[in-house]
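We did not get these values from a lab; they are worked out from the coordinates using the rules stated. This one's a predicted model, so the numbers in the text were calculated from it and none came from an experiment. Note: ideal-geometry Cβ built from the backbone for every residue, glycine included; neighbour counts use all protein chains shown.
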Amino acid sequence: MIAARQHPTRRQSWLQVGTRHFADARAAATDTRWLAELCTDAEHLLAAQPGQRTETPSDTLDGLAIAQIAASPLREDARQFATLTRTVEDGLAQSEAPAYEQALNALWQLAGATKALKRTSAAAEPDSVWMFDQVMWLGWEAKTGTDPDKEIPAGDVREAASHLTYASHESGQPVPAGSVTLYVTHQQRMHHAAVKVASAGLYLVTPEQVSQVAERLITAWQTIRTQTRGQDLQQAGATIEAALRMHRVLPSQWLEELLTRRISDG
């Protein structure tokens with residue numbers, strides 16, 4: 001990119017070199033799928049002014065979450081915060097679908113999402129969809145009560161792969177690029193047909209992984225509620241970012257942690 005700026009007559013040649021390097025970097029990022037997929041490209045980087053930091057999708061997502069948390073009434077309302085965290089902790093500790101789904105539909109507020117898809121108990125409705133505005137959506141399919149020794153069936157995977165499309169129809173908004181769905185289960189083996197019908201944005205996670213993220217979010221929020229008392233939004237934003245980063249619960253951090261096993265890879 002530096003060479004392309006210094007030698008504008010050979011810009012296209014250097015751009016091709018840069019594009020190949022970006023492709024090689026994405027291919028090497030096998031353990032950070034989400035970051036690899038959302039990475040900027042060579043032309044976008046070249047368009048930035050020299051010395052100017054290029055904002056990435058993960059920056060935008062983290063910034064949105066920080067702003068949502070700063071504006072959340074949970075920062076000041078101790079009773080509401082206690083009720084919500086109890087719902088999250090109790091629900092994620094259970095395998096029964098209603099309690100677990102209720103926990104997921106409370107946890108989005110701690111994660112800094114803009115909203116969650118409204119639940120109506122309609123057929124084929126997702127267990128939860130967290131909407132980070134039009135930056136990213138995160139769908140959830142919880143199969144926590146299944147036999148861990150059994151294979152994940154194709155029918156369940158096909159249903160989970162449709163969650164973001166369902167949310168798009170319900171909300172009247174397009175699914176943002178880079179959106180993904182998490183399939184939460186103790187099962188680790190997949191039927192061969194499940195692999196074939198899985199979308200590229202469908203990932204397998206364990207209930208333990210989700211609980212660990214939730215626990216860290218609650219801990220970070222306890223710090224936030226103490227340290228941002230009386231602060232305005234700008235002051236609170238810096239404190240919130242530091243607390244989330246310290247506890248590894250900026251969205252870019254916990255997504256990287258959870259998006260490591262794509263179901264379509266088997």
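Have a look at the range 120-184 and give its Rg and Dmax from the Cα atoms, expressed in angstrom.
12.5, 39
Taking 4 °C and 1.567 mPa s as the conditions, I'd like the Stokes-Einstein D for the range 153-264 in µm²/s, using the Kirkwood hydrodynamic radius from alpha carbon pairs.
Stokes-Einstein gives a translational diffusion coefficient of 80 µm²/s.
Could you give me the ³J(HN,Hα) list for the range 175-183, computed from phi with Karplus coefficients 6.51, -1.76, 1.60 and θ = phi - 60°, whole Hz, x at Gly and Pro?
Whole-Hz 3J(HN,Hα) from phi for the range 175-183: 6, x, 4, x, 5, 9, 10, 9, 9.
Which of the peptides 92-98, 155-161 is most tightly packed, and how do the rest follow, judged by the mean count of other Cβ atoms within 10 Å per residue?
Highest-to-lowest ranking by the protection proxy: 155-161, 92-98.
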